[in-house]
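**Student:** Sharing a structure here in structure tokens format.
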Amino acid sequence: MDKSGLLGEVWVVDGVSVVHVEDVYDTDIDDLWAAISEPARLGRWVATVDGDLRPGGLFQASFTSGWDGPGRVEVCDAPRHLLLTMEPGAADETQLEAWLSPDPAGTRLVVEERGIPLEAAPDHGAGWQVHIEDLRAVLEGRAPAPWSDRWADLRPAYGQSPTS
């Protein structure tokens, strides 16, 4: 697969991977914020979450990708910025960050996951692209496509050499 259909890229920073994906959605910033921060809406496209979703709060997440684990809310600056620590305190802890900003076509969403082991970067890159594609489908009133099929299609392109 060439990279022309990709919504993101993988970088290497300090020996670990950073996955960066972004897209623009035809909705206002408040609606997009609700879609990425309210449990009922998150469950439609990315994960079921349960717990304390205030800054400092701990929660449990079960992603459509199959990942399941704890997280902690670090920053929640509605409707523009969300920072989470996934697997807090564990050896495989990562930081998951989202920024929303107005765009002439609606609202831009940028998602980054930092601290990913190099060998796992293709999995995470493809996974985050599928998640934000699923968000688009839900916002447009469609059902998300089968997750694993799309992930398998995207993974080879995210497996090409990351940039540093």
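Only the coordinates and a few stated rules stand behind these numbers; no lab work does. Because the structure is a prediction, the values reported are computed rather than measured. In this analysis, Cβ positions are derived from the backbone assuming ideal geometry, glycine residues included, and neighbour counts consider all displayed protein chains.
Residue-by-condition table, conditions (1) farther than 26 Å from D26 by Cβ; (2) without any contact (Cβ under 8 Å) to a residue 12 or more places away in the chain:
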residue	(1), (2)
S65	no, no
D77	no, yes
E93	yes, no
A105	no, no
A120	yes, no
D123	yes, no
W128	no, no
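**Student:** Among the residues of region 15-44 satisfying the criterion of being hydrophobic (A, V, I, L, M, F, W, C) and in a strand (DSSP E or B), which is farthest from G115 (Cα to Cα)?
**Tutor:** Per the criteria, the residue is V24.
**Student:** Test each condition in (1) surrounded by 18 or more Cβ atoms within 10 Å (Cβ to Cβ); (2) over 19 Å from E119 (Cβ atoms) for H81 and report the one that comes out false.
**Tutor:** So H81 meets the others, but not (1).
**Student:** Answer with yes or no whether A61 is of a type in the set (A, V, I, L, M), without any contact (Cβ under 8 Å) to a residue 12 or more places away in the chain and either more than 16 Å from G5 (Cα to Cα) or in contact with a helix residue (DSSP H, G or I) (Cβ under 7 Å, 6 or more places away or on another chain) (or both).
**Tutor:** No.
**Student:** Here's a follow-up. Within region 116-153, track down each residue that is basic (K, R), out of contact with any Phe, Trp or Tyr (no Cβ under 7 Å at 6 or more places or on another chain) and either part of a helix (DSSP H, G or I) or surrounded by 15 or more Cβ atoms within 10 Å (Cβ to Cβ) (or both).
**Tutor:** Result: R150, single match.
**Student:** Could you run through region 54-67 and say how many residues are in a strand (DSSP E or B) and within 14 Å of the chain's Cα centre (by Cα)?
**Tutor:** Residues flagged as in a strand (DSSP E or B) and within 14 Å of the chain's Cα centre (by Cα) within region 54-67 amount to 3.
**Student:** Taking the condition of being crowded, with 20+ Cβ neighbours inside 10 Å and either more than 11 Å from the chain's Cα centre (by Cα) or more than 20 Å from A47 (Cα to Cα) (or both), how many residues in region 87-115 meet it?
**Tutor:** 3
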